[in-house]
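Input: a single structure, listed below in structure tokens.
A short reminder: the numbers here are calculations on the coordinates, not readings from a lab. The structure displayed is predicted, hence computed values, not measured ones. Cβ placement follows ideal geometry from the backbone for every residue including glycine, while neighbour counts extend to all protein chains displayed.
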Amino acid sequence: MPTSLVQTESVLAIEVGTAVTRAVLFDVVEGQYRFIAVGKAPSTAEVPFKDIGIGVREAITALQEITGGQLLGQGNNLITPSQPDGSGVDAVVAVISTGPVLRTVIVGLLSDVSVQSARRLAETTYARVVEALDLSDHRKADQQLDAVIRARPDLVILTGGTDGGASRAMLKTLEAIGLACYLMPAEKRPMVLYAGNEHLAGEVHELLDAHAGALKVSPNVRPSLEVEHLDPASSELASLVVNLRRRQLKGVEELNALTGGMMLPTSYAQGRMVRFLSRQYESTRGVLSVNIGASAASVAAGFNGEVVLRTYPQFGLGENLSGLLQHTDIEGILRWLALDIDPNAIREYLYQKSLYPGTLPATSDDHAIAQAIARQALYLAVRAARRDFPNDGRAARDVLPPLDLIIAGGGAVGEGLSLGQSLLLLLDAIQPVGILPMLVDQNNLLPLLGVAASRNHFLPVQVMDSGAFIGLGTIISVIASANYGEPILRVKMTYSDGTDARLDVKFGGLEILPLPSGQSARLSLQPLQKADAGLGPGRSGTVTVTGGAMGVVIDARGRPLKFPSDAVRRRELIKKWQYTVGG
Amino acid sequence: MLAPVLHVLPVTTIVRERLLPAAGKVNVSVNQRVNPTDVVAEASFSREHLLLDVARTFGVSPQAADTMIKVQAGDVLKQGAVIAENGGFFSRSIKAPRAGRVAAAGSGQVLMEVGDARIELRAGLPGMVVRVIPERGVVIRTVGALIQGTWGNGRVDHGLMTSLIERPDDILTPDRLDVSLRGSVILGGYVGDAATLRAAAELPVRGLIVSSLHFSLLPSAVQMRFPILVLDGFGMMPMNSAAFELLRTHDKNAVTVNAEFPDRYGGGRPEVIIPKDVVNEPDEPEDYVPFAVGQKVRMRRAPHAGMIGSIAALPAGLSKLPSGLRAPAAEVRLENGDTLLVPLVNLEVVG
């Protein structure tokens, strides 16, 4: 196919979430790919629909109504490729995050080495580890076998052994897994990923090919004790997850066929895009992407082209909400609320929302509760993922390392909130440090660009450059040891027209200096009391900052963010912050 | 936009597929009448496995051990039955440590299944078997009133229903559960304490249909051996008026409570079925329909969760909600005459 044809095709990108299904059209406008429009519909994987295809067609119908173009033809089937009359699209790609959490058994040799790698690998997707086997497991082989069968796994992740290293123990475990698969009903057999000692790949095929639901063999996640390399295995795992969804959910097979196999788990596509951004923009400190919706909270951080991807279904805002209090106490949620509310009302909310994940808050109080829960869930996800970020030795483990860029998306961030509300939610939950721009991905495009990249390399770059994401502005986070209300930073912002604005920032404050999108300014920072405004403790300097919908935001509320112990004062403070960002 | 339908119907045709989780044996045939608690299919599985390492025990290679193994897959063995012998003057043998079945033999090992357990698939509703799915289950058809709920504890039973609810916002307390209710299915309001569940278990009752349940009672509810079906949700919520009125008119009727545990992706909804004899079978109800003005709807989220109203208008495009969010919404007229703007995703059609 001539290159020019490939480069100018229109692309329909489908995202099937737990609550919402989106149909997004990308097309070429004036020689560049652009995000054209998004059509949305409630997702239909669950009862009573039980077919994701219904929601996909509804979303495409909504997209048709917005664009005025015809995408669905006879029998409500997608018109592809595009026709001379302008109807249809040339290509389809898709991501999926809906579906039951994947019950996963992880297997390794050493509990603190390969098993941990397997656990981290499982965390790259919508999985929950339900059983772990390793050398320190003193159960007999048949007891291990029964434990695996009782766990009813959808997935088994096998790791262990350095390349060419010990194999005997690994082979015994492989036999147990093979027997467990053999004993399960054929239609329930787990998908198996082997990412251990590469020298055993032949034996793995011999033992598991006939009995696993599907088997993938990837390069070893631990080629040596000191090295962990999850990326190739996470790619194979993504492929197995799509296979599982094809087996579990009606309509996935059809959608996958429509995409010609270009379908990925949403969080994997998000991670792929973050890796790309980290390389493309030569990020030296890191690019962070967070996404929180009904399926999961996912965190992808790119450092020098390497990505740390973590997917936490337990922090999703849908059916798993009833279990959120296993990971946090109720005060962890209440601290984000300006409302004086009975803690049991929060507990009831969590259970009721888990029954109906797709519902929306209709009142302001309900909305406030929803946002408080989203904050805490995202806070927990970012803190959990942060444990696996490379440590530069400077940042404390409970504080994020300095980053170059944050992109936030997902239903809880992008849909329906004012930009000020989105900003405050992200500042509270992520608590970034240093000086960095923050983008909101209101239409959840990032994962779609990640999957579209496998079809068309130009599309993601051109769509990103076209301003499809909303720039909130530049965030300056100040770390200081001071009492509430003490001055910690003097700021002077000089606009391009020569005018300036000055500000004395006090500890505990949240300040905004207007600077519209597309404009830049020189920002002079003079910390007091050894405060660190991103230039180092007590260091002054001048930096160029870019504007955005909110301008330049100076967050001097401390890291980690601290609240007054008095509940009345805390609620007043939250109201003040909300007022600062526009209510 | 399509709306999920919550079935609260005085008479309808109900067709339900009941499937085993694994291959087994179907106990009924087409055109056979079944009761809700009849076991229509069953499968057996082994609670445990024993792996006997013949090669290691005899200190020989797996290939050599295979020649010594005297059993094959499928063999049913009594305790002490010989599994392998190494022959010779001082022959040693490996015997079955427990009765069981050989699941696999080879590579110097024998895998035994021991401790049989059964999965019993109950009909879940009274009716006629209209289709048998070999080795997996059946399709059952009946006609009657159908009232769906939001949560169930996974149990099924049937019996005469006694209503202990006077108003939709009644609270069911243990003192209401006296010995005269033994063996009944109880229709009650909100259950807020464990004592009520314990009192119901002590009678025992054959089912509990309640408007709502305190969230802290979920673990206890799952442990109860009788079906508990929650109509409206968690927290103190009144019973939706559609279910309240229909169920109250069936006081002292035989009802089936299929308190199916929620399986969002594969299962059905928990439901109450009250069989009826009719001359002409009505059509099966639709599980989802497009939203339309005039439809009766139930609200699924605070502040009016569980309340019933009717769609007065469907504004085009997105509507701005009191929360500040913008979403497709409906103007819903509640039974008390108030009109609210409600996001469509917070509604289900009742019908």
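What list do you get for A:Ile574, A:Ile157 if you sort them by fewest beta carbons within 10 Å?
So the ranking, lowest neighbour count to highest, is A:Ile574, A:Ile157.
Suppose R0 equals 41 Å. What FRET efficiency, 1/(1 + (r/R0)^6) with r the Cβ-Cβ distance, do A:Thr8 and A:Thr494 give to the nearest 0.05?
The value I calculate is 0.40.
Return A:Thr18, B:Thr249, A:Thr359 ranked ascending by Cβ neighbour count within 10 Å, so the fewest neighbours appear first.
Least crowded to most crowded, the residues run B:Thr249, A:Thr359, A:Thr18.
Within region A:273-341, which GluC sites (Glu not before Pro) sit in a loop by DSSP and count at most 16 neighbouring Cβ atoms inside 10 Å?
Hits after loop and neighbour filter: A:Glu282.
At R0 = 35 Å, how high is the FRET efficiency between A:Arg247 and A:Asn77 if r is their beta carbon distance? Nearest 0.05 is fine.
0.90
Considering all projection directions equally, how large on average is the shadow of the alpha-carbon convex hull of region A:102-248, in square nanometres?
Computed as one quarter of the Cα hull surface, the answer is 7.3 nm².
State the answer as a single residue: which of A:Ile14, A:Gly411, A:Pro564 lies farthest towards the positive end of the charge dipole of chain A, with beta carbon charges of +1 for Lys and Arg and -1 for Asp and Glu, about the Cα centre.
A:Pro564
Between B:Val60, B:Val143, B:Val222, where does the largest GNM mean-square fluctuation fall for chain B, given springs only between Cα atoms within less than 10 Å?
In this elastic network of chain B, the residue with the biggest mean-square fluctuation among B:Val60, B:Val143, B:Val222 is B:Val60.
Dipole size in debye (nearest 20) for chain A around its Cα centre, Lys and Arg Cβ +1, Asp and Glu Cβ -1?
Values: 53 positive and 58 negative charges, 234 e Å.
Taking the Cα centre of chain A as origin, the dipole is about 1120 debye.
On full extension of the chain, what length is gained from A:His199 through A:Ser481, given 0.36 nm per residue of separation minus the C-alpha to C-alpha distance?
On the way: separation 282, 0.36 × 282 = 101.52 nm, distance 5.41 nm.
Stretched fully, the A:His199-A:Ser481 segment lengthens by 96.1 nm.
Using the alpha-carbon atoms, what tilt in degrees (0 to 90, nearest 10) does helix A:364-386 show relative to the longest principal axis of chain A?
Around 70 degrees separate the two axes.
Starting from the Cα gyration tensor of region A:473-583, multiply each eigenvalue by 5, take the square root, and state the resulting semi-axes largest first in whole Å.
24, 18, 10
Given R₀ = 30 Å, FRET efficiency for A:Ala549-B:Arg167 by Cβ-Cβ distance, to 0.05?
0.05
A:Lys172: which lysines have alpha carbons under 21 Å from its alpha carbon, excluding same-chain residues fewer than 8 sequence positions away?
Excluding near neighbours in sequence, the set is A:Lys140, A:Lys216.
Quick check of the Kirkwood formula: for the protein assembly as shown, what is the inverse mean of 1/r over all pairs of different Cα atoms, in Å?
Its Kirkwood hydrodynamic radius stands at 30.5 Å.
Give, as a single signed number, the net charge of other residues whose beta carbon lies under 13 Å from the beta carbon of A:Asp500, with Lys and Arg counted +1 and Asp and Glu -1.
It works out to a net charge of +3.
Can you tell me what share of the DSSP beta bridges in region A:102-248 is antiparallel? A percent to the nearest 5 is fine.
Once the DSSP bridges in region A:102-248 are tallied, antiparallel ones form about 5 percent.
Starting from the 7 Å offset along Cα-to-Cβ, what nm value, one decimal, do you get for the label separation of A:Asp209 and A:Asp51?
3.8 nm
Which ³J(HN,Hα) values in Hz, rounded to whole numbers, follow from the phi angles of region A:155-169 under the Karplus curve 6.51 cos²θ - 1.76 cosθ + 1.60, where θ = phi - 60° and Gly and Pro get x?
Working through the residues one at a time gives 10, 10, 10, 9, 10, x, x, 7, 4, x, x, 4, 10, 5, 4 Hz.
Counting helices only, and only those DSSP H runs with n ≥ 4, report the 222 nm mean residue ellipticity of chain B as the sum of -39,500 (n - 2.57) divided by its residues, in deg cm²/dmol to the nearest 500.
Working: 5 runs with 35 residues, N = 351.
So the helix-based figure for chain B works out to -2500 deg cm²/dmol.
Quick one: plug the Kirkwood hydrodynamic radius of region A:87-183 (C-alpha pairs) into Stokes-Einstein at 10 °C, 1.306 mPa s, and report D in µm²/s.
Diffusion coefficient, whole number: 108 µm²/s.
Could you sort out which of A:Lys40/A:Lys575; A:Lys50/A:Lys575; A:Lys353/B:Lys276; A:Lys40/A:Lys250 sit more than 31 Å apart by Cα distance in this structure?
A:Lys40/A:Lys575; A:Lys50/A:Lys575; A:Lys353/B:Lys276
Counting C-alpha atoms alone, how compact is region B:45-117: give Rg to one decimal and Dmax as a whole number, in angstrom.
11.7, 41
For n ≥ 4 DSSP H runs only, could you compute -39500 (n - 2.57) per run for chain A, divide by its residues and tell me the 222 nm figure to the nearest 500?
Rounded to the nearest 500, the figure is -10000 deg cm²/dmol.
Taking the Cα centre of region A:473-583 as origin, sum charge times position over the Cβ atoms of Lys and Arg (+1) and Asp and Glu (-1), and report the length of that vector in debye to the nearest 20.
300 debye
Note down the net charge around A:Ser466, summing +1 for each Lys or Arg and -1 for each Asp or Glu among other residues with Cβ under 15 Å from its Cβ.
Net charge around A:Ser466: -3.
How big is the dipole moment of region B:158-238 about its Cα centre under a simple scheme where the beta carbon of each Lys and Arg is +1, that of each Asp and Glu is -1, and everything else is neutral? Debye, nearest 20, please.
Numbers: 6 positive and 8 negative charges, 63 e Å.
That gives region B:158-238 a dipole magnitude of about 300 debye.
Where Rh denotes the Kirkwood radius from the mean inverse Cα pair distance, what is Rg over Rh for region B:291-350?
With Rg and the Kirkwood Rh in hand, the quotient comes to 0.92.
Calculate how many DSSP beta bridges within the protein assembly as shown are antiparallel, expressed in % of all such bridges and rounded to the nearest 5.
Values: 143 of 200 bridges.
Within the protein assembly as shown, antiparallel bridges account for around 70 percent of the total.
How many nm is it between the label spots at B:Gln223 and B:Arg98, if each spot is 7 Å from the Cα in line with the beta carbon?
The answer from the label model is 2.6 nm.
Ranked by Cβ crowding within 10 angstrom, fewest neighbours first, how are A:Leu225, A:Leu419, A:Leu193 ordered?
Least to most surrounded, the residues fall as A:Leu225, A:Leu419, A:Leu193.
Projecting each Cα onto the charge dipole of the protein assembly as shown (Lys/Arg +1, Asp/Glu -1 at the beta carbon, about the Cα centre), which of B:Gly294, B:Ser29, A:Ile512 comes out farthest on the positive side?
In the protein assembly as shown, that residue is A:Ile512.
Looking only at region A:3-96, where both bridge partners belong to it, what percent of the DSSP beta bridges are antiparallel (to the nearest 5)?
Roughly 75 percent of the beta bridges in region A:3-96 run antiparallel, per DSSP.
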